[in-house]
Amino acid sequence: MPTLADRDHAVLWHPYTQMQTAPLPVPIVRGEASWLIAEDGTRYLDGISSWWVNLHGHAHPHIARRVSEQLSTLEHVLFAGFTHPTAVELAEQLLELLPQNQARVFYSDNGSTAVEVALKMVLQYFHNHGQPERRTFLCFRDSYHGDTFGAMAVSSRGAFTQPFWPLLFDVEFIDVPVPGQEDVVLSQLDAVLKRPDVAGFIFEPLVLGTAGMVMYSPEVLSKMLRRCHQQGVLCIADEVMTGFGRTGPLFASELLTEKPDIMCFSKGLTGGTLAMGLTTCAAPIYTAFLSDDKMKALFHGHSYTANPVACAAALASLELTRSEECTSQRQRIESAHAAFRQEIENQPGIRQVRHRGTILAVEYDPGEGTSYFSRLRDTFYQLAIDSHVVLRPLGNVVYLLPPYCTTNEELGLLYTVLRRIRELVLNHIPAANLPEYLHD
Ligand SMILES: Cc1ncc(COP(=O)(O)O)c(C=O)c1O
(Lines give C-alpha, C1' and ligand atoms only; values in the text may rest on other atoms or scores of the structure.)
Protein backbone atom coordinates (compact mmCIF):
# COMPACT_ATOMS: atom_id res chain seq x y z
CA MET A 1 0.00 0.00 0.00
CA PRO A 2 1.59 3.34 -0.98
CA THR A 3 1.61 5.91 1.82
CA LEU A 4 0.01 9.34 1.48
CA ALA A 5 3.51 10.80 1.04
CA ASP A 6 4.26 8.33 -1.80
CA ARG A 7 0.96 9.17 -3.53
CA ASP A 8 1.78 12.87 -3.12
CA HIS A 9 5.22 12.32 -4.63
CA ALA A 10 3.66 10.65 -7.67
CA VAL A 11 1.33 13.52 -8.60
CA LEU A 12 2.20 16.78 -6.84
CA TRP A 13 4.62 19.64 -7.32
CA HIS A 14 5.32 21.60 -4.11
CA PRO A 15 6.24 25.29 -3.78
CA TYR A 16 9.83 26.31 -3.01
CA THR A 17 10.89 22.66 -3.26
CA GLN A 18 13.54 20.92 -5.37
CA MET A 19 11.37 17.89 -6.06
CA GLN A 20 14.31 15.67 -7.03
CA THR A 21 16.18 15.93 -3.75
CA ALA A 22 13.65 17.02 -1.13
CA PRO A 23 12.62 14.43 1.44
CA LEU A 24 9.03 13.19 1.24
CA PRO A 25 6.57 15.69 2.74
CA VAL A 26 5.18 15.13 6.23
CA PRO A 27 1.56 14.01 5.82
CA ILE A 28 -0.62 16.12 8.13
CA VAL A 29 -4.20 14.99 8.67
CA ARG A 30 -5.40 17.19 11.52
CA GLY A 31 -4.70 20.47 13.31
CA GLU A 32 -5.39 21.35 16.92
CA ALA A 33 -4.40 24.71 18.46
CA SER A 34 -0.63 25.10 17.90
CA TRP A 35 -0.17 21.49 16.81
CA LEU A 36 -0.21 19.68 13.48
CA ILE A 37 -0.95 15.97 13.70
CA ALA A 38 0.54 13.56 11.19
CA GLU A 39 -1.01 10.46 9.64
CA ASP A 40 0.93 8.22 12.07
CA GLY A 41 -0.19 10.29 15.07
CA THR A 42 3.09 12.22 15.50
CA ARG A 43 2.43 15.77 16.74
CA TYR A 44 4.41 18.75 15.43
CA LEU A 45 4.42 22.13 17.15
CA ASP A 46 3.81 24.82 14.51
CA GLY A 47 6.45 27.42 15.43
CA ILE A 48 5.87 29.59 12.36
CA SER A 49 2.07 29.61 12.12
CA SER A 50 2.23 27.59 8.88
CA TRP A 51 3.97 30.24 6.75
CA TRP A 52 2.81 33.07 9.01
CA VAL A 53 -0.93 32.71 8.40
CA ASN A 54 -2.36 30.91 11.39
CA LEU A 55 -3.01 33.42 14.17
CA HIS A 56 -5.27 31.58 16.61
CA GLY A 57 -4.28 27.94 16.28
CA HIS A 58 -5.43 25.28 13.83
CA ALA A 59 -9.08 24.33 13.32
CA HIS A 60 -10.27 27.07 15.66
CA PRO A 61 -13.92 26.28 16.57
CA HIS A 62 -15.10 29.91 16.38
CA ILE A 63 -13.75 30.42 12.87
CA ALA A 64 -14.98 26.95 11.82
CA ARG A 65 -18.51 27.79 13.01
CA ARG A 66 -18.63 31.13 11.18
CA VAL A 67 -17.28 29.55 8.00
CA SER A 68 -19.77 26.71 8.19
CA GLU A 69 -22.72 29.10 8.69
CA GLN A 70 -21.56 31.21 5.75
CA LEU A 71 -21.11 28.15 3.53
CA SER A 72 -24.73 27.17 3.94
CA THR A 73 -25.96 30.78 3.53
CA LEU A 74 -24.01 32.17 0.57
CA GLU A 75 -20.81 30.54 -0.65
CA HIS A 76 -20.02 32.94 -3.47
CA VAL A 77 -21.33 35.74 -5.65
CA LEU A 78 -19.50 37.69 -8.34
CA PHE A 79 -18.30 41.02 -6.99
CA ALA A 80 -18.83 43.31 -9.99
CA GLY A 81 -22.39 44.64 -9.92
CA PHE A 82 -23.15 42.67 -6.70
CA THR A 83 -22.24 42.88 -3.05
CA HIS A 84 -22.94 40.89 0.13
CA PRO A 85 -23.04 41.48 3.91
CA THR A 86 -19.74 39.92 4.99
CA ALA A 87 -17.68 41.93 2.45
CA VAL A 88 -19.28 45.19 3.60
CA GLU A 89 -19.01 44.33 7.29
CA LEU A 90 -15.33 43.35 7.03
CA ALA A 91 -14.45 46.54 5.12
CA GLU A 92 -16.32 48.68 7.68
CA GLN A 93 -14.58 47.02 10.61
CA LEU A 94 -11.12 47.23 9.06
CA LEU A 95 -11.44 50.89 8.14
CA GLU A 96 -12.36 51.59 11.78
CA LEU A 97 -9.10 49.97 12.88
CA LEU A 98 -6.67 51.14 10.18
CA PRO A 99 -4.91 54.53 10.17
CA GLN A 100 -7.56 57.20 9.69
CA ASN A 101 -6.50 58.17 6.17
CA GLN A 102 -7.45 54.72 4.80
CA ALA A 103 -10.80 55.14 3.06
CA ARG A 104 -11.44 52.23 0.64
CA VAL A 105 -10.98 48.47 0.56
CA PHE A 106 -10.21 46.44 -2.57
CA TYR A 107 -10.37 42.65 -2.27
CA SER A 108 -8.17 40.09 -4.01
CA ASP A 109 -6.81 36.58 -3.44
CA ASN A 110 -3.45 36.52 -1.61
CA GLY A 111 -0.48 38.64 -0.56
CA SER A 112 1.04 38.83 -4.03
CA THR A 113 -2.21 40.02 -5.62
CA ALA A 114 -2.73 42.56 -2.81
CA VAL A 115 0.68 43.95 -3.84
CA GLU A 116 -0.15 43.83 -7.57
CA VAL A 117 -3.29 45.87 -6.90
CA ALA A 118 -1.30 48.41 -4.86
CA LEU A 119 1.25 48.84 -7.66
CA LYS A 120 -1.52 49.27 -10.24
CA MET A 121 -3.29 51.82 -8.02
CA VAL A 122 -0.11 53.90 -7.89
CA LEU A 123 0.65 53.71 -11.61
CA GLN A 124 -2.91 54.40 -12.69
CA TYR A 125 -3.26 57.21 -10.13
CA PHE A 126 -0.53 59.10 -11.99
CA HIS A 127 -1.86 57.98 -15.37
CA ASN A 128 -5.34 59.26 -14.54
CA HIS A 129 -3.78 62.54 -13.35
CA GLY A 130 -1.99 62.95 -16.71
CA GLN A 131 1.48 62.09 -15.35
CA PRO A 132 2.16 58.66 -16.90
CA GLU A 133 5.92 59.33 -16.86
CA ARG A 134 5.85 58.84 -13.08
CA ARG A 135 6.27 55.09 -13.00
CA THR A 136 9.39 54.18 -11.01
CA PHE A 137 9.09 52.29 -7.73
CA LEU A 138 11.47 52.58 -4.85
CA CYS A 139 12.05 49.42 -2.76
CA PHE A 140 14.32 47.91 -0.17
CA ARG A 141 17.16 45.89 -1.67
CA ASP A 142 16.32 42.80 0.45
CA SER A 143 12.54 43.02 0.28
CA TYR A 144 10.05 40.29 -0.61
CA HIS A 145 6.56 41.17 -1.81
CA GLY A 146 5.41 37.99 -3.54
CA ASP A 147 5.85 35.76 -6.56
CA THR A 148 3.70 37.33 -9.29
CA PHE A 149 5.56 39.46 -11.84
CA GLY A 150 4.90 42.92 -10.42
CA ALA A 151 5.56 41.69 -6.89
CA MET A 152 8.80 40.03 -8.04
CA ALA A 153 9.87 43.26 -9.76
CA VAL A 154 9.63 45.25 -6.53
CA SER A 155 11.40 42.48 -4.56
CA SER A 156 15.06 41.69 -4.09
CA ARG A 157 16.91 40.52 -7.21
CA GLY A 158 17.81 37.27 -5.44
CA ALA A 159 18.21 33.67 -6.47
CA PHE A 160 14.46 32.96 -6.36
CA THR A 161 13.74 35.34 -9.24
CA GLN A 162 16.93 35.02 -11.31
CA PRO A 163 15.34 33.19 -14.29
CA PHE A 164 12.90 36.08 -14.66
CA TRP A 165 15.24 39.06 -14.17
CA PRO A 166 15.19 40.17 -17.84
CA LEU A 167 11.40 40.53 -17.68
CA LEU A 168 11.15 42.38 -14.36
CA PHE A 169 10.64 46.13 -14.68
CA ASP A 170 13.41 48.37 -13.36
CA VAL A 171 13.10 49.76 -9.86
CA GLU A 172 15.32 51.84 -7.57
CA PHE A 173 16.71 49.87 -4.64
CA ILE A 174 17.90 51.35 -1.37
CA ASP A 175 19.29 49.63 1.71
CA VAL A 176 17.25 48.77 4.79
CA PRO A 177 17.81 51.41 7.52
CA VAL A 178 18.86 48.89 10.20
CA PRO A 179 20.17 50.42 13.44
CA GLY A 180 23.32 52.42 12.71
CA GLN A 181 22.52 52.77 8.98
CA GLU A 182 19.66 55.26 9.24
CA ASP A 183 21.55 58.33 7.97
CA VAL A 184 23.17 56.42 5.11
CA VAL A 185 19.78 55.20 3.92
CA LEU A 186 18.14 58.61 4.29
CA SER A 187 20.87 60.01 2.00
CA GLN A 188 20.25 57.20 -0.51
CA LEU A 189 16.56 58.05 -0.39
CA ASP A 190 17.19 61.76 -0.94
CA ALA A 191 19.33 60.95 -3.97
CA VAL A 192 16.63 58.76 -5.55
CA LEU A 193 13.88 61.27 -4.79
CA LYS A 194 15.66 63.77 -7.05
CA ARG A 195 14.40 61.70 -9.98
CA PRO A 196 11.16 63.24 -11.28
CA ASP A 197 9.68 59.87 -12.30
CA VAL A 198 9.44 58.21 -8.86
CA ALA A 199 5.83 57.12 -8.33
CA GLY A 200 5.77 54.90 -5.24
CA PHE A 201 7.76 53.54 -2.34
CA ILE A 202 6.81 50.00 -1.26
CA PHE A 203 8.11 48.56 2.01
CA GLU A 204 7.56 45.89 4.65
CA PRO A 205 7.03 48.06 7.74
CA LEU A 206 9.48 47.44 10.63
CA VAL A 207 10.26 43.80 9.75
CA LEU A 208 11.46 42.39 6.42
CA GLY A 209 10.26 38.81 6.78
CA THR A 210 11.83 36.75 4.02
CA ALA A 211 15.06 38.75 4.20
CA GLY A 212 15.58 37.06 7.59
CA MET A 213 13.32 39.05 9.94
CA VAL A 214 15.49 42.14 9.42
CA MET A 215 14.18 44.90 11.71
CA TYR A 216 14.32 48.70 11.65
CA SER A 217 12.69 51.50 13.59
CA PRO A 218 9.33 53.23 13.08
CA GLU A 219 11.12 56.58 13.56
CA VAL A 220 13.34 56.20 10.49
CA LEU A 221 10.47 54.80 8.42
CA SER A 222 8.31 57.80 9.36
CA LYS A 223 11.12 60.11 8.21
CA MET A 224 11.34 58.22 4.91
CA LEU A 225 7.58 58.48 4.32
CA ARG A 226 7.65 62.21 5.08
CA ARG A 227 10.41 62.76 2.50
CA CYS A 228 8.50 60.70 -0.08
CA HIS A 229 5.31 62.65 0.57
CA GLN A 230 7.16 65.95 0.15
CA GLN A 231 7.99 64.80 -3.40
CA GLY A 232 4.45 63.58 -4.12
CA VAL A 233 5.55 59.90 -3.98
CA LEU A 234 2.85 57.46 -2.82
CA CYS A 235 3.81 55.06 -0.01
CA ILE A 236 2.67 51.42 0.15
CA ALA A 237 2.89 49.54 3.46
CA ASP A 238 3.00 45.82 2.71
CA GLU A 239 1.52 44.49 5.98
CA VAL A 240 0.98 41.00 4.57
CA MET A 241 3.20 39.53 7.30
CA THR A 242 3.17 42.30 9.94
CA GLY A 243 -0.62 42.81 10.03
CA PHE A 244 -3.06 41.59 12.68
CA GLY A 245 -0.94 41.91 15.79
CA ARG A 246 2.36 40.31 14.76
CA THR A 247 4.58 43.25 15.68
CA GLY A 248 2.69 44.26 18.86
CA PRO A 249 0.04 46.76 17.74
CA LEU A 250 -2.72 45.55 15.44
CA PHE A 251 -0.82 46.97 12.46
CA ALA A 252 2.87 47.94 12.31
CA SER A 253 1.85 51.21 10.60
CA GLU A 254 0.17 52.30 13.85
CA LEU A 255 3.67 53.08 15.14
CA LEU A 256 4.37 55.52 12.28
CA THR A 257 3.84 59.25 12.66
CA GLU A 258 3.58 59.60 8.86
CA LYS A 259 0.94 57.26 7.45
CA PRO A 260 1.12 55.14 4.29
CA ASP A 261 -1.23 55.95 1.38
CA ILE A 262 -1.88 52.31 0.50
CA MET A 263 -1.79 49.16 2.63
CA CYS A 264 -1.66 45.45 1.67
CA PHE A 265 -2.96 42.55 3.77
CA SER A 266 -3.28 38.78 3.54
CA LYS A 267 -1.84 35.85 5.57
CA GLY A 268 -3.32 36.45 9.08
CA LEU A 269 -6.33 38.19 7.53
CA THR A 270 -8.45 35.03 7.66
CA GLY A 271 -6.58 33.54 10.62
CA GLY A 272 -5.03 30.96 8.30
CA THR A 273 -8.35 29.61 7.09
CA LEU A 274 -8.78 30.71 3.48
CA ALA A 275 -6.72 32.57 0.89
CA MET A 276 -7.65 36.23 0.65
CA GLY A 277 -5.85 39.51 -0.09
CA LEU A 278 -6.90 43.05 0.55
CA THR A 279 -5.54 46.45 -0.49
CA THR A 280 -6.73 49.64 1.18
CA CYS A 281 -6.09 53.21 0.08
CA ALA A 282 -6.51 56.84 1.09
CA ALA A 283 -9.34 58.92 -0.38
CA PRO A 284 -7.26 60.91 -2.94
CA ILE A 285 -6.16 57.67 -4.59
CA TYR A 286 -9.72 56.39 -4.84
CA THR A 287 -11.03 59.68 -6.22
CA ALA A 288 -8.35 59.69 -8.95
CA PHE A 289 -10.27 56.75 -10.48
CA LEU A 290 -13.67 58.51 -10.44
CA SER A 291 -14.64 59.91 -13.83
CA ASP A 292 -17.28 59.96 -16.55
CA ASP A 293 -14.61 58.17 -18.54
CA LYS A 294 -14.97 54.40 -18.00
CA MET A 295 -11.33 53.89 -18.93
CA LYS A 296 -10.26 55.56 -15.69
CA ALA A 297 -11.69 52.68 -13.63
CA LEU A 298 -9.42 50.10 -12.01
CA PHE A 299 -9.62 47.14 -14.39
CA HIS A 300 -8.49 44.48 -11.97
CA GLY A 301 -10.47 41.60 -10.51
CA HIS A 302 -10.38 37.91 -9.69
CA SER A 303 -13.15 35.33 -9.93
CA TYR A 304 -13.11 34.86 -6.17
CA THR A 305 -12.87 38.56 -5.26
CA ALA A 306 -14.41 39.12 -1.79
CA ASN A 307 -15.49 35.50 -1.46
CA PRO A 308 -18.16 35.49 1.29
CA VAL A 309 -16.70 32.43 3.07
CA ALA A 310 -13.23 34.03 3.20
CA CYS A 311 -14.79 37.29 4.44
CA ALA A 312 -16.65 35.36 7.16
CA ALA A 313 -13.38 33.68 8.23
CA ALA A 314 -11.70 37.11 8.33
CA LEU A 315 -14.50 38.58 10.46
CA ALA A 316 -14.30 35.66 12.89
CA SER A 317 -10.51 35.91 13.08
CA LEU A 318 -10.67 39.67 13.60
CA GLU A 319 -13.12 39.18 16.46
CA LEU A 320 -10.63 36.80 18.11
CA THR A 321 -7.67 39.11 17.45
CA ARG A 322 -9.44 42.06 19.08
CA SER A 323 -10.44 40.08 22.18
CA GLU A 324 -8.78 40.73 25.55
CA GLU A 325 -7.65 37.12 25.62
CA CYS A 326 -5.70 37.50 22.38
CA THR A 327 -4.16 40.80 23.48
CA SER A 328 -2.86 39.17 26.65
CA GLN A 329 -1.64 36.09 24.72
CA ARG A 330 0.40 38.36 22.45
CA GLN A 331 1.82 40.26 25.43
CA ARG A 332 2.72 36.98 27.12
CA ILE A 333 4.60 35.74 24.02
CA GLU A 334 6.32 39.11 23.66
CA SER A 335 7.58 38.97 27.29
CA ALA A 336 8.70 35.34 26.93
CA HIS A 337 10.62 36.22 23.74
CA ALA A 338 12.25 39.19 25.52
CA ALA A 339 13.40 36.96 28.39
CA PHE A 340 14.78 34.32 26.00
CA ARG A 341 16.56 37.03 24.03
CA GLN A 342 18.31 38.19 27.20
CA GLU A 343 19.41 34.63 27.91
CA ILE A 344 20.85 33.88 24.48
CA GLU A 345 21.90 37.15 22.92
CA ASN A 346 25.54 37.49 24.01
CA GLN A 347 26.42 33.83 23.92
CA PRO A 348 29.00 32.27 21.59
CA GLY A 349 27.53 31.03 18.33
CA ILE A 350 24.99 33.87 18.18
CA ARG A 351 25.56 36.81 15.83
CA GLN A 352 22.39 38.77 16.62
CA VAL A 353 18.95 38.29 18.15
CA ARG A 354 16.08 40.39 16.81
CA HIS A 355 12.71 40.69 18.47
CA ARG A 356 9.52 42.62 17.84
CA GLY A 357 6.09 41.62 19.13
CA THR A 358 5.57 37.88 18.70
CA ILE A 359 8.47 37.59 16.21
CA LEU A 360 11.85 36.38 17.45
CA ALA A 361 14.79 35.80 15.10
CA VAL A 362 18.13 34.30 16.05
CA GLU A 363 20.96 34.86 13.60
CA TYR A 364 23.55 32.17 14.30
CA ASP A 365 27.22 32.61 13.62
CA PRO A 366 28.30 29.42 11.90
CA GLY A 367 31.74 30.82 11.09
CA GLU A 368 31.05 30.78 7.36
CA GLY A 369 29.03 32.92 5.01
CA THR A 370 25.61 31.30 4.83
CA SER A 371 22.73 31.76 2.49
CA TYR A 372 19.16 30.50 2.19
CA PHE A 373 20.60 27.47 0.41
CA SER A 374 23.31 26.66 2.93
CA ARG A 375 23.60 23.05 4.10
CA LEU A 376 23.24 24.32 7.63
CA ARG A 377 19.76 25.60 6.86
CA ASP A 378 18.67 22.04 6.07
CA THR A 379 20.42 20.74 9.17
CA PHE A 380 18.62 23.26 11.37
CA TYR A 381 15.32 22.37 9.71
CA GLN A 382 15.87 18.67 10.31
CA LEU A 383 16.88 19.23 13.92
CA ALA A 384 13.58 21.04 14.49
CA ILE A 385 11.53 18.33 12.75
CA ASP A 386 13.32 15.64 14.76
CA SER A 387 12.30 17.63 17.87
CA HIS A 388 8.69 17.67 16.59
CA VAL A 389 8.78 21.37 15.84
CA VAL A 390 8.01 23.05 12.51
CA LEU A 391 10.47 25.85 11.68
CA ARG A 392 11.69 27.14 8.33
CA PRO A 393 15.13 28.65 8.82
CA LEU A 394 16.13 31.42 6.44
CA GLY A 395 19.78 30.42 5.95
CA ASN A 396 21.49 30.92 9.30
CA VAL A 397 18.52 32.87 10.70
CA VAL A 398 16.03 30.78 12.65
CA TYR A 399 12.88 32.60 13.67
CA LEU A 400 9.76 31.95 15.73
CA LEU A 401 6.40 33.33 14.65
CA PRO A 402 4.00 31.17 16.69
CA PRO A 403 0.20 31.16 16.75
CA TYR A 404 -1.01 33.49 19.53
CA CYS A 405 -2.49 30.56 21.48
CA THR A 406 0.96 28.96 21.93
CA THR A 407 1.34 28.20 25.66
CA ASN A 408 4.36 28.97 27.82
CA GLU A 409 5.23 25.29 27.88
CA GLU A 410 5.11 25.14 24.08
CA LEU A 411 7.24 28.28 23.85
CA GLY A 412 9.69 26.45 26.12
CA LEU A 413 9.97 23.67 23.54
CA LEU A 414 10.62 26.21 20.77
CA TYR A 415 13.39 27.85 22.82
CA THR A 416 14.91 24.44 23.54
CA VAL A 417 15.24 23.86 19.80
CA LEU A 418 16.91 27.26 19.37
CA ARG A 419 19.36 26.36 22.18
CA ARG A 420 20.11 23.01 20.52
CA ILE A 421 20.80 24.73 17.23
CA ARG A 422 23.34 26.93 19.03
CA GLU A 423 25.05 23.85 20.49
CA LEU A 424 25.10 22.35 17.03
CA VAL A 425 26.67 25.49 15.57
CA LEU A 426 29.29 25.54 18.34
CA ASN A 427 30.15 21.89 18.06
CA HIS A 428 30.03 21.74 14.25
CA ILE A 429 28.12 18.50 14.55
CA PRO A 430 27.74 16.95 11.10
CA ALA A 431 24.21 16.44 9.83
CA ALA A 432 24.66 12.66 9.68
CA ASN A 433 25.07 12.51 13.46
CA LEU A 434 21.94 14.46 14.24
CA PRO A 435 19.62 11.69 15.42
CA GLU A 436 22.12 10.44 18.06
CA TYR A 437 22.79 13.99 19.10
CA LEU A 438 19.12 14.61 19.66
CA HIS A 439 18.64 11.54 21.80
CA ASP A 440 21.22 12.52 24.38
C1 LIG B 1 5.59 40.94 3.06
C2 LIG B 1 4.98 39.97 2.10
N3 LIG B 1 4.28 40.42 1.05
C4 LIG B 1 3.69 39.60 0.17
C5 LIG B 1 3.81 38.23 0.31
C6 LIG B 1 3.15 37.31 -0.69
O7 LIG B 1 2.05 36.72 -0.12
P8 LIG B 1 1.41 35.38 -0.77
O9 LIG B 1 2.39 34.29 -0.47
O10 LIG B 1 0.12 35.21 -0.07
O11 LIG B 1 1.25 35.63 -2.23
C12 LIG B 1 4.52 37.71 1.38
C13 LIG B 1 4.67 36.25 1.55
O14 LIG B 1 5.46 35.76 2.30
C15 LIG B 1 5.13 38.60 2.30
O16 LIG B 1 5.84 38.16 3.35
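Assorted remarks:
- On the chain, 54 percent of the accessible area sits on carbon and sulfur atoms, based on a 1.4 Å probe.
- Each Lys or Arg adds one and each Asp or Glu subtracts one; over the other residues with Cβ under 14 Å from the Cβ of H300, this totals +1.
- Shown are M152, M1, whose ranking by accessible area with a 1.4 Å probe and every protein chain present, most to least, is M1, M152.
- Multiplying the residue separation of E324 and L24 by 0.36 nm and removing their Cα-Cα distance gives an extension gain of 103.9 nm.
- Share, in percent, of DSSP beta bridges within segment 64-321 that are antiparallel, nearest 5: 45 percent
- Rolling a 1.4 Å probe across all protein chains gives T148 an accessible area of roughly 50 Å².
- Overall Cα dimensions of segment 1-129, principal axis frame, Å, largest first: 61, 36, 29
- Considering only Q231, M1, L274, and ranking their Cα positions along the charge dipole of the chain that arises from unit charges at the beta-carbon of Lys, Arg, Asp and Glu, the one farthest toward the positive end is Q231.
- For the chain: accessible area per residue (Å², 1.4 Å): 45 Å²
- The chain: mean projected area of Cα convex hull, nm²: 22.7 nm²
- Electrostatic bookkeeping for P99 treats Lys and Arg as +1 and Asp and Glu as -1; over the other residues with beta carbon under 12 Å from its beta carbon, the sum is -4.
- The magnitude of the dipole of the chain, with charges of +1 and -1 set on the Cβ of Lys/Arg and Asp/Glu and taken from the Cα centre, is near 540 debye.
- Structure-based [θ]222 nm, the chain - -39500 (n - 2.57) summed over DSSP H runs of at least 4, per residue, nearest 500: -11000 deg cm²/dmol
- Taking a sphere under 11 Å around the Cβ of P348 and counting the other residues whose Cβ falls inside, with K and R at +1 and D and E at -1, yields a net charge of 0.
- Gyration tensor verdict on segment 64-321 (Cα atoms; rounded if a/c is under 1.5, prolate if a/b is larger than b/c, oblate otherwise): prolate
- Dividing the alpha-carbon radius of gyration of segment 136-266 by the rule-of-thumb value 2.2 N^0.38 Å gives 0.98.
- Nitroxide proxy distance, nm - points 7 Å out along Cα→Cβ at A338 and Y286: 3.8 nm
- Restriction of the GluC sites (Glu not before Pro) in segment 291-370 to DSSP coil positions whose beta-carbon has at most 11 other beta-carbons within 10 angstrom yields E368.
- Note on segment 138-198: Cα-only Rg and Dmax are 12.6, 35 Å.
- Magnitude of the charge dipole for segment 118-254, about its Cα centre and with charges confined to Cβ atoms of Lys, Arg (+1) and Asp, Glu (-1), is about 280 debye.
- Here's the picture: charge each Lys and Arg Cβ at +1 and each Asp and Glu Cβ at -1 in the chain, and of P177, Y144, H127 the one pushed furthest to the positive end of that dipole is H127.
- Size of segment 259-324: Rg and Dmax of its alpha carbons, in Å, are 14.8, 48.
- Two-site label geometry, T73 and D378: point separation in nm, points 7 Å out along Cα→Cβ: 4.9 nm
- Mean-square fluctuations from a GNM of the chain, with a 10 angstrom spring cutoff on Cα atoms, peak among G81, G245, G47 at G81.
- Placing unit charges on each Cβ (+1 for Lys and Arg, -1 for Asp and Glu) gives the chain a dipole about its Cα centre, and among A118, F265, A310 the Cα reaching farthest toward its positive end belongs to A118.
- Gaussian network model of the chain, springs between alpha carbon atoms under 10 Å - residue of H84, H58, H337 with greatest fluctuation: H84
The values are calculated or read from the model by the stated rules, or taken from the named source; none is laboratory data. Worth saying up front: this structure is predicted, and the values here are computed from it rather than measured. In this analysis, Cβ positions are derived from the backbone assuming ideal geometry, glycine residues included, and neighbour counts consider all displayed protein chains. Just so you know, the surface numbers come from the protein's heavy atoms only, side chains and all, with ligands and any DNA or RNA stripped out. Shrake-Rupley method; radii C 1.70, N 1.55, O 1.52, S 1.80 Å.
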